[in-house]
1. Pull up the cross-link candidates among the aspartates and glutamates for A:Lys170, meaning alpha carbon to alpha carbon under 15 Å and not fewer than 8 places away within one chain.
2. Let's test this: bin the Cα-Cα distances of the protein assembly as shown at 20 Å from zero up to the farthest pair and state each bin's percent.
3. Starting from a label point 7 Å past Cα on the Cβ side, list the distances from A:Ala162 to the same position in the other copies, nm, shortest first.
4. To the nearest 10 degrees, how steeply does helix B:69-85 sit against the main Cα axis of chain B, on a 0 to 90 scale?
5. Would you give the gap between the C-alpha center of the range B:83-106 and the C-alpha center of the range A:12-79, rounded to a whole Å?
6. When chain A is modelled as a GNM with alpha-carbon springs shorter than 10 Å, which of A:Asp155, A:Asp139, A:Asp99 fluctuates the most?
7. Mind putting a number on the dipole of the range A:1-93 about its Cα centre? Charges go on the C-beta only, +1 for Lys and Arg and -1 for Asp and Glu, and I need it in Debye to the nearest 20.
8. Of B:Asn43, B:Ser149, B:Leu135, which is farthest along the charge dipole of chain B in the positive direction, counting Lys and Arg as +1 and Asp and Glu as -1 at C-beta?
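The numbers here are math on the coordinates, done by the rules we state, and not lab data. Note that the structure is predicted; figures quoted are calculated from it, not measured. Methodologically, a virtual Cβ is constructed for each residue, glycine included, from the backbone with ideal geometry; neighbour enumeration extends over all protein chains shown.
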Number of protein chains: 2
Amino acid sequence: MNKKQLFENIKRKKSFLCVGLDTDIKKIPEHLKSADDPIFAFNQAIIDATADLCVAYKPNLAFYESLGVMGWTAFEKTVSYLRENYPDQFIIADAKRGDIGNTSELYARSFFCHLDLDAVTVAPYMGEDSVKPFLGYPDKWVILLGLTSNKGSHDFQLTTDANGERLFEKVMRVAQTWATDEQLMFVVGATQGKLFEDVRRIAPNNFLLVPGVGAQGGSLEEVATYGMNSECGLLVNSSRKIIYAAADETFAQAAREEALKVQYEMEHLLHKKGLL
Amino acid sequence: MNKKQLFENIKRKKSFLCVGLDTDIKKIPEHLKSADDPIFAFNQAIIDATADLCVAYKPNLAFYESLGVMGWTAFEKTVSYLRENYPDQFIIADAKRGDIGNTSELYARSFFCHLDLDAVTVAPYMGEDSVKPFLGYPDKWVILLGLTSNKGSHDFQLTTDANGERLFEKVMRVAQTWATDEQLMFVVGATQGKLFEDVRRIAPNNFLLVPGVGAQGGSLEEVATYGMNSECGLLVNSSRKIIYAAADETFAQAAREEALKVQYEMEHLLHKKGLL
């Protein structure tokens, strides 16, 4: 999917919501646990209940890998289900990969060819040759960690170098010499508040994937105020707050209601910015 | 496995070799391709041919994940095979993970409980709470990316901050406030040459996992000269040069011969340092 198509979807659905499929076998409702593939059954129900309210899904690979072969099977089935039934969804593998060139190349082939995902999250520490292999696929995206939502983001990402530039700023500046905003997004945590202004100075046109609204405490309004650009430029992710809105048989309906609340607020924010 | 046991193994085997199981379905000998599980059949033969010459194995997860469910099955079988037949081997999941706390916790549980691996490589960009969950398992190790072997290592890892400290130095210094050298190793690429002196100033006692000897061109002698400490302190990895030493039916024997050459040089270097 290209940037224009993504923005069209945002306007049509009046939403820039990404639903995080952080599906934990321990948290899914009891009645699903006897299903053939409980993880997939859960995902399928969540997707059917929320697809008209969001533009993207982000399965976090840790949740699938931690279950070994069973988890990978559920992950692949989830991606196929999305591709077949909701082809307008932007699918992000939240993998935070990044390795030497030949290894990143394997990951890229796996995510973009074998699985036909739209985007993968990538860690920047190993530099250009760890990121470049993901950029060889038209209309496929790298979402590079910029300024993350967690407390530890302060340990290294805010380190100021001898030229007065903070590490996250250097990462975002240098990465833009590797790829255009048609293939490169950045992860910026919703918990970073006013730092979104600094992010937008360095990366005015890139889409930002924004985790940290919901369970992690970030404010959607603040993110939109400081981070929204003329093409929206935001994919705001919510995982736990939506998918675990209820733990009983009403879980899918409860997830829909939570997603609807977020979509409603997003519609208001898009209007306010004059984008609808 | 604790540090003392690892050093004992090194002295007993006169080797600090780690064999990288970067098993690529495209590169394994033709005659194995009809096996039930060609990847596992290849790994099993490589392990049987080299286990007395090395102290560690490092499956690179990208190679397994890129094959989806089939790859994960081969990975799990390989780990089980090592655990059952060569319990003295230190097994490293080369995964380069690092995510917000609850996600890192899942990875840790997967690698250390479900699979009983000894160590996992972790990327430092997201800071303390992305690394800490891996440190809750006694005798299990975090191997944090410090100064990697690839060209892109220069993009961010060598950035000097306002206090004159380079990023890789800050990572190594700060990480030592999170864990002792009984649970924390660093990745330092063999291609970094004299920078090993700087690494040893910051991390005199930590084991270093050293990729980049072999196909990537690093020098084992240089690594030992600048990087070896009184407990050896090095696990030097070689992947492609050993496991793909031959592409025909002699591949396991050829791998053994390559490993033997490296072990022989390592024995000499351990003698020279007075450790044998």
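1. Within reach: A:Glu128, A:Asp161, A:Asp198, B:Asp155, B:Asp161.
2. Each 20 Å bin holds this share of Cα pairs: 22, 54, 22, 1.
3. Listed shortest first, these distances are 1.6 nm.
4. 90 degrees
5. The distance from the Cα centre of the range B:83-106 to that of the range A:12-79 comes to 24 Å.
6. So, out of A:Asp155, A:Asp139, A:Asp99, the one fluctuating most is A:Asp155.
7. On the way: 12 positive and 12 negative charges, 108 e Å.
About 520 debye.
8. The listed residue farthest towards the positive side: B:Ser149.
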